[in-house]
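Since the structure comes first, as structure tokens, the remarks are kept for the end.
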Amino acid sequence: MKFNDEQTGLIGLAIGAAVIGLVSERKAINRDNIIQEIERQGRSRGDGVEDEVFLQAAELVRKGV
């Protein structure tokens, strides 16, 4: 995957938002929970462009890259 600076920033924000969501729900912070939270937020906030960002964020966390 090759990303531009803006896309990289949005992916970082999606991952950060997922971690904050887990902390606020007092859930364990682990790879599976982060992926589930990213996907959940992507479904609830996605508008087409954001959908792709959330999918890419989940894929990066899934791969561990």
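The values are calculated or read from the model by the stated rules, or taken from the named source; none is laboratory data. Treat the numbers as computed from the prediction; the structure is a model and nothing was measured. Please note: Cβ atoms are built from the backbone with ideal geometry, for glycine as well, and neighbour counts cover all protein chains shown. The accessibility values were calculated without ligands, DNA or RNA, using every heavy atom of the protein model including side chains. Shrake-Rupley method; radii C 1.70, N 1.55, O 1.52, S 1.80 Å.
Scan region 40-52 and report the pairs whose first residue is under 15 Å from residue 9 (Cα atoms) and whose second residue is open to solvent by less than 100 Å² (accessible area, probe 1.4 Å) and modelled with pLDDT under 85, with Cβ atoms within less than 6 Å and a gap of 6+ or a chain change.
none
Name the single residue, out of those in region 1-17 being over 13 Å from residue 54 (Cα atoms) and touching a helix residue (DSSP H, G or I) at 6+ places or on another chain (Cβ under 8 Å), that is least open to solvent (accessible area, probe 1.4 Å).
Step one: filter region 1-17 for residues over 13 Å from residue 54 (Cα atoms), giving 1-6.
Keeping just the survivors that are touching a helix residue (DSSP H, G or I) at 6+ places or on another chain (Cβ under 8 Å) gives 1, 3.
Working: 1: 131, 3: 58 Å².
Only one residue tops the list, namely 3.
Out of region 18-59, which residues are at pLDDT 90 or above and either of a type in the set (Ser, Thr, Tyr) or loosely packed, with under 13 Cβ neighbours inside 10 Å (or both)?
Correct list: 20, 23, 24, 25, 26, 28, 29, 30, 31, 32.
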